[in-house]
Amino acid sequence: MGGDAQVVPTANPDQLLLFKQKQLDGVWTVEPWVSLLETEAGGKVLVEEPEAITTLLVARREFLDTRRDIVQKFVAAHEELTEWIIKNPQEGQRLVRDELAAETRANVSQELIVRAWKRILLRHEASRDAMAKLVASAQAVGFLRDVPDLARLIEKP
């Protein structure tokens, strides 16, 4: 077996239609799009990475150096919000559903959000190992040419 694959950056909301139209044979994506592809397009999960990083909080070095006070407040708010979502999953799911509806102008069912929620691991810190895996995966598919110095990428302000 074997063959070529072409990686096509695609917005998450566009994946379902392209998948249904057979313009995409596979998708590397996050929830709730994974559950949507499974339930509405017959997609099958081939590789599941529950520890994968899907969202990062990032600041420019200059901003970290000159406005560390604001960065610290933002990080603290992020940590507080993450903890709140973990402790209030039903309300968190409602807020996610409302935001997805506002952003995509599509009705996302509560059942889909509940299904997707089971695969989402909420954390407010990223390990160097998880970051290294993310970078290696992005490089393997051509999203990154060079590997950055990971020691400079993760900092607790």
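Per residue of the range 83-90, what does 6.51 cos²θ - 1.76 cosθ + 1.60 with θ = phi - 60° give for ³J(HN,Hα)? Whole Hz please, x for Gly and Pro, Karplus curve as stated.
Per-residue couplings from phi come out as 4, 4, 4, 4, 7, 10, x, 5 Hz.
Using each residue's phi in the range 112-128, evaluate 6.51 cos²θ - 1.76 cosθ + 1.60 at θ = phi - 60° and report the 3J(HN,Hα) Karplus result to the nearest Hz, with x for Gly and Pro.
Using θ = phi - 60°, the values come out as 5, 5, 4, 4, 5, 4, 5, 9, 8, 9, 8, 9, 10, 9, 10, 7, 5 Hz.
Can you bin every Cα-Cα distance in the range 12-135 into 10 Å intervals starting at zero and give me the percent of pairs per bin, rounded to whole numbers?
In whole percents, the pair-distance histogram is 11, 34, 35, 17, 4.
Quick one: His78, His124, fewest Cβ neighbours within 10 Å first, how do they rank?
Lowest to highest Cβ neighbour count: His78, His124.
Could you list the residues of the range 19-40 with an amide nitrogen less than 16 Å from a label point located 7 Å from the Cα of Arg105 in the Cα-to-C-beta direction?
No residue qualifies, since no backbone N sits under 16 Å from the label point.
Given the range 12-135, what count of lysine pairs have C-alpha atoms under 23 Å apart, with each pair 8 or more places apart or on different chains?
Taking the Cα cut-off of 23 Å, the pair count is 7.
Taking 0.36 nm per residue of sequence separation and subtracting the Cα-Cα distance, how much length would be gained by fully extending the chain between Ser137 and Lys73, in nm to one decimal?
Gain on stretching Ser137 to Lys73: 19.9 nm.
Averaging sequence separations of C-alpha pairs under 8 Å and six or more residues apart, then dividing by the length of the chain, give the relative contact order as a whole percent. If you can, show how the numbers build up before the last one.
On the way: 93 pairs, mean separation 40.8, N = 157.
That works out to 26 percent.
Only the coordinates and a few stated rules stand behind these numbers; no lab work does. The shown structure was predicted, so the numbers you read here are calculated from the model rather than taken from an experiment. So basically every Cβ, Gly included, is an ideal-geometry build from the backbone, and we count neighbours across all protein chains shown.
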